[in-house]
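For reference, the structure discussed in these notes is given below.
The values are calculated or read from the model by the stated rules, or taken from the named source; none is laboratory data. Because the structure is predicted, anything quoted here is derived from the model rather than measured. Positions of Cβ are backbone-derived with ideal geometry, glycine not excepted, and every protein chain shown enters the neighbour counts. With ligands, DNA and RNA removed, areas are computed over all heavy atoms of the protein, side chains included. Shrake-Rupley method; radii C 1.70, N 1.55, O 1.52, S 1.80 Å.
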Amino acid sequence: MARLELVQEVEAHEDRVWEAQWSPCGRYLASCSGDRSVAVWGRGGDGEGLRLLTRLEDAHRRTVRRLAWAPGGRCLAAASFDATVSVWKNVAGVFNLVGTLEGHDNEVKGVAWDCSGNLLATCSRDKTVWVWEMQEEDFECVSVMHGHSADVKAVLWHPNKELLFSASYDDTVRSWVDDGDDDWTCSQTLAGHASTVWEVAFRPAVDRPYLVSCSADLDVKVWKDEGKGDDSDFTLATTIAGQHKRCIYSVDVNSADQVVTGAGDNTIRVFQLTEDAASSELLATNEKAHAADVNCVRW
């Protein structure tokens with residue numbers, strides 16, 4: 001079995017790092033932390049690795065939990081435990097605060113842009129999912145969705161459909177669609193996990209879209225879209241079980257059908273899915289990837 005090799009380690013923040021996200025072009029890496037800041041990193045030349053470009057501070061009073069890049073990397077959104085989301089405009093590597101979204105009653109746990117870059121979804125400990133519409137640099141909330149019975153941990157858009165997914169402490173994943181009048185409704189509930197669903201990820205290629213979810217039940221589940229045309233109908237394709245000893249906090253999948261997981265056992269694992277996503281094989285692992293919980297993994 002292959003072992004993951006450490007390429008670079010950077011001292012990014014003064015507190016726990018919750019998430020890191022590559023910009024769509026791969027030029028920037030953004031990270032966020034309990035120190036209430038967002039750090040933006042750039043790739044150095046001649047194999048220098050990552051170097052700190054700027055630190056976005058003073059926008060939040062509490063932990064910054066999640067990040068999301070808009071298509072093209074033109075904006076970066078940051079979700080915070082202070083119940084707000086900050087939006088930063090990127091102009092040639094200079095980031096300016098252009099908006100602060102307020103409305104949630106409690107910690108904002110997740111944020112995600114749709115494929116057009118016009119819609120932004122947020123989710124919160126208040127059990128709601130919000131959809132915001134961006135017009136130039138102004139944001140308007142167009143829908144508030146109630147349906148989960150507990151904290152909503154993450155939101156994610158379908159890569160090529162106006163279909164939104166949310167993962168919750170209530171052990172489910174829900175999908176949401178616009179009924180045509182800016183009234184978003186739950187179109188499907190994916191039940192199968194036995195504990196909190198911490199994160200969901202989509203295979204980036206659009207020819208064979210499938211959704212991957214990870215949970216405190218120590219399982220990773222792969223869901224295939226069996227719907228026709230614009231309709232979606234996700235069914236369970238396979239479960240990756242028994243590979244971590246503690247809660248799986250993060251999951252991601254690439255276009256080569258490789259799933260990476262990070263967990264509370266300090267371990268990162270990589271799995272290869274078959275083409276039909278019906279089974280998987282463990283490819284690589286690092287059981288001491290970090291000295292504490294692995295909160296985020298990204299390809």
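Test Glu5 against the stated conditions and say whether it is without any contact (Cβ under 8 Å) to a residue 60 or more places away in the chain, within 24 Å of Thr261 (Cβ to Cβ) and part of a loop (DSSP other than H, G, I, E, B).
Answer is yes for this residue.
Contact map, the stretch 113-137: residues that are buried (at least 22 other Cβ atoms within 10 Å of the Cβ) and modelled with pLDDT under 95 paired with residues that are aromatic (Phe, Trp, Tyr) and not in a strand (DSSP E or B), Cβ distance under 7 Å, separation 6+ or inter-chain. No pairs are found.
Of the strands (runs of 3 or more DSSP E) lying entirely inside the stretch 148-218, those containing at least 2 residues that are farther than 16 Å from Val129 by Cβ are 197-202, 210-215. The set of residues from the stretch 203-237 being more than 20 Å from Ile268 (Cα to Cα), open to solvent by less than 50 Å² (accessible area, probe 1.4 Å), without any contact (Cβ under 8 Å) to a residue 60 or more places away in the chain and not acidic (Asp, Glu) comprises Ala205, Pro209, Trp223, Gly227, Phe234, Ala237. I'm trying to understand the selection: among the residues of the stretch 219-229, which are outside any strand (DSSP E or B) and either at pLDDT 95 or above or out of contact with any strand residue (DSSP E or B) (no Cβ under 9 Å at 6 or more places or on another chain) (or both)? Hits for the stretch 219-229 are Asp219, Lys228, Gly229. Here Gly45, Gly49, Gly73 are screened, and the one residue that is among the small types (Gly, Ala, Ser) and without any contact (Cβ under 8 Å) to a residue 40 or more places away in the chain is Gly45. Among the candidates Lys109, Lys127, Lys153, Lys161, the residue that is basic (Lys, Arg), in contact with a His (Cβ under 6 Å, 6 or more places away or on another chain) and within 26 Å of Tyr210 (Cα to Cα) is uniquely Lys127. Looking only at residues in the stretch 67-91 that are in contact with a Lys or Arg (Cβ under 7 Å, 6 or more places away or on another chain) and under 25 Å from Asp126 (Cβ atoms), the one that is most open to solvent (accessible area, probe 1.4 Å) is Phe81. The set of residues from the stretch 28-55 being hydrophobic (A, V, I, L, M, F, W, C) and open to solvent by 10 Å² or more (accessible area, probe 1.4 Å) comprises Leu29, Trp41, Leu50, Leu52, Leu53. Of the residues making up the stretch 51-88, those that are of a type in the set (D, E, K, R) and either in a strand (DSSP E or B) or more than 21 Å from Asp114 (Cβ to Cβ) (or both) are Arg51, Arg55, Glu57, Asp58, Arg61, Arg62, Arg65, Arg66, Asp82. Against the list (1) in a strand (DSSP E or B); (2) touching a residue at least 24 places away in the same chain (Cβ under 8 Å); (3) surrounded by fewer than 20 Cβ atoms within 10 Å (Cβ to Cβ), the condition Glu140 fails is (2). Residues being out of contact with any strand residue (DSSP E or B) (no Cβ under 6 Å at 6 or more places or on another chain) and part of a strand (DSSP E or B) are entirely absent from the stretch 101-108.
The strands (runs of 3 or more DSSP E) falling completely within the stretch 240-299 that include 1 or more residues that are touching a strand residue (DSSP E or B) at 6+ places or on another chain (Cβ under 9 Å) and among the aromatic types (Phe, Trp, Tyr) map to 248-253, 268-273. Residues in the stretch 8-22 that are open to solvent by less than 80 Å² (accessible area, probe 1.4 Å) and either in contact (Cβ under 8 Å) with a residue 60 or more places away in the chain or over 22 Å from the mean Cα position of the chain (by Cα) (or both): Gln8, Val17, Trp18, Glu19, Ala20, Gln21, Trp22. The set of residues in the stretch 135-163 that are farther than 24 Å from Asp230 by Cα and not β-branched (Val, Ile, Thr) comprises Gln135, Glu136, Glu137, Asp138, Phe139, Glu140, Cys141, His148, Ser149, Ala150, Asp151, Lys153.
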